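This report refers to the structure that appears directly beneath it.
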Amino acid sequence: MNKVLGFVLALPLSALAAEPVATATASAAPVASSGMAGQLTQLVFGLLLVLGLIFFLAWLLRRVQQAGPAGKGQVIDIIGSRALGPRDRLMLVQVGNEQILLGLSPGTITALHVLKEPVHVPSATEKSTPEFAQRLMELLGKDQKDKK
């Protein structure tokens, strides 16, 4: 009895239909292929929609973080940073009129030195080309004045 019940449950529903199996599959074949194409199209559009939403939210998050309180009203500015190793770095921070050299390592931040005279750091507009580009231009024999 259990074998018969298992066999009946394993049969596709079209085999249990009143019309012959050949007629049912012949008439359902075009519908099934167009149904598969429709499902595949719906799946691809859904995937593209989700990926687009992820990229849009990432872009929006970056814009919100940049426009946040980092620009105006900050008391602490990071003047410069230098990596000492894969996890250790030196950081020059300005708080008000004071500059502090910090040592950062995993789990600790140590004030190494408080500078009596602030270090002048050229702004982005003053520094026209990076050091590597300047060295490359020197090696190639080109003068920076030719660039401007």
Pairs under 7 Å by beta carbon, first residue among the aliphatic types (A, V, I, L, M) and surrounded by 11 or more Cβ atoms within 10 Å (Cβ to Cβ) in the range 95-107, partner modelled with pLDDT of 90 or more and not in a strand (DSSP E or B), six or more apart or different chains? Leu104/Asp88
Tell me the residue from Val44, Val8, Val50 that is at pLDDT below 55, among the hydrophobic types (A, V, I, L, M, F, W, C) and over 30 Å from Thr110 (Cβ atoms), please. Val8
Flag if Gly85 is assigned to a loop (DSSP other than H, G, I, E, B) and modelled with pLDDT of 85 or more: yes
For the range 103-120, which residues satisfy the criterion of being part of a loop (DSSP other than H, G, I, E, B) and modelled with pLDDT of 90 or more? Pro106, Gly107
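The values are calculated or read from the model by the stated rules, or taken from the named source; none is laboratory data. All values reported here derive from a predicted model rather than from experimental measurement. In this analysis, Cβ positions are derived from the backbone assuming ideal geometry, glycine residues included, and neighbour counts consider all displayed protein chains.
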